[in-house]
Amino acid sequence: MVLKGIRKSFEGLVALEHIDMNVSKGLITMLIGPNGSGKTTLLNVITGFYTPDRGEVIFEGKNITKWPPHKIYNEGLVRTFQIPQPFKSLTVLENLVTAYRENPGESFVKALFRKSWIKDEEEAVHKAFKILKILNLDHMWDRPASHLSGGQMKLLETGRAIMSGAKMILMDEPASGLNPKLANEVFSYIVKMKKELGITFLIIEHRLDLALPYVDRVLAMCRGRIVCEGEPKEVFNNPIVVESYLGG
Ligand SMILES: Nc1ncnc2c1ncn2[C@@H]1O[C@H](COP(=O)(O)OP(=O)(O)OP(=O)(O)O)[C@@H](O)[C@H]1O
Ligand SMILES: [Mg+2]
């Protein structure tokens, strides 16, 4: 995903200015910055909740600037809160299979041929089990979703998003409110989804010490601009970043 010259203001307050950035496919990028530096605003611009005053959002070669959020979601660029709730009465496996979505242009013609319909069904089950294994939910495949714990429910939600074609997932502080053990678990699953399913992640996180071992790239923002980007070590040794954090 590429951003070119993004600017966003709210009645005179410039929240984002000259944002150029590149979120590498298949990697975990962490977005950091002091309170009010524009991180959430940037996610809102990327996912279509805010229209930028200027600039472009390019995803997988398509210019998606000013597209409505649901259309961007269908393109595979997903904000976690947009993911539909699992159906509690369906089993874990059924929840994934029902989320499976075919290329809409093809499915009508395909629907006329029962053979290909069965093949799609097999493909869906195969993909579902692969995802369930990664999320450590495979042993629960035939249980109703209502039997899952809160954490497992969140994983199932993410699994449904991936089944329906999510390519890049954006998260605003996924570890907030979790104890360190759970937070580490969340990040371990994120790494597994990246490695085994090739999902791209863009994550805002305040708990740097906790997230750092898991991320590939860091983008640091300050006052609406990207002030530094690179490998985690580089960014954390950068004097501008140190100052913008410590100097408030
Ligand atoms: N809908 C809005 N209307 C007016 N101002 C807004 C709106 N959304 C964000 N802002 C302003 O834009 C600036 C950036 O806010 P933003 O929420 O993006 O910061 P942030 O980096 O996510 O901060 P935090 O770490 O506290 O979540 C702030 O000054 C904020 O008040
Ligand atoms: Mg925020």
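Derivation of every value follows stated rules applied to the coordinates shown; laboratory data play no part. Note that this is a predicted model, so its numbers are computed, not measured. Here the Cβ is made from the backbone with ideal geometry for all residues, glycine too, and neighbour counts use every protein chain on show.
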Checklist entry - Roughly how many Å is it from the Cα centre of segment 1-33 to that of segment 180-248, as a whole number? => result 15 Å
Next on the checklist: Taking the Cα centre as origin and putting +1 on Lys and Arg beta-carbons and -1 on Asp and Glu beta-carbons, what dipole magnitude results for the chain, to the nearest 20 debye?
Outcome noted: 380 debye
Checklist outcome for this item: Net charge near Pro232 (other residues with Cβ under 9 Å of its Cβ; Lys, Arg +1; Asp, Glu -1) is -1
Next on the checklist: At 222 nm, what value in deg cm²/dmol follows for the chain if DSSP H runs of at least 4 each add -39500 (n - 2.57) and the sum is divided by all its residues, to the nearest 500?
Outcome noted: -12000 deg cm²/dmol
Item to check | Shape of segment 1-65, Cα gyration tensor, a/c cut at 1.5 | outcome: oblate
Next on the checklist: Just to confirm a number: summing +1 for Lys and Arg and -1 for Asp and Glu over residues other than Glu56 whose beta-carbon lies under 14 angstrom from that of Glu56, what do you get?
Outcome noted: +3
Checklist outcome for this item: Taking every other residue with Cβ under 10 Å from the Cβ of Gly26 and scoring Lys and Arg +1, Asp and Glu -1, one gets +3
Item to check | Placed amide H near Lys8: partners under 5 Å, 5+ positions off or other chain | outcome: Ala15, Leu16, Glu17, Asp53
Item to check | Selection from Pro213, Thr65, Ala99 lying farthest towards where the dipole of the chain points positive, charges on Cβ | outcome: Ala99
Checklist entry - What shape does segment 129-180 have by the C-alpha gyration tensor, where a ≥ b ≥ c are the square roots of the eigenvalues, rounded means a/c under 1.5, and otherwise prolate means a/b greater than b/c and oblate the rest? => result oblate
Next on the checklist: How would segment 147-248 be classified by its alpha-carbon gyration tensor: rounded, prolate or oblate, with rounded meaning a/c under 1.5 and the a/b versus b/c comparison settling the rest?
Outcome noted: prolate
Checklist entry - Once phi is turned into θ = phi - 60°, what whole-Hz ³J(HN,Hα) does the Karplus curve with 6.51, -1.76 and 1.60 give for every residue of segment 149-161, x standing for Gly and Pro? => result 6, x, x, 5, 4, 4, 5, 4, 4, 5, x, 5, 5
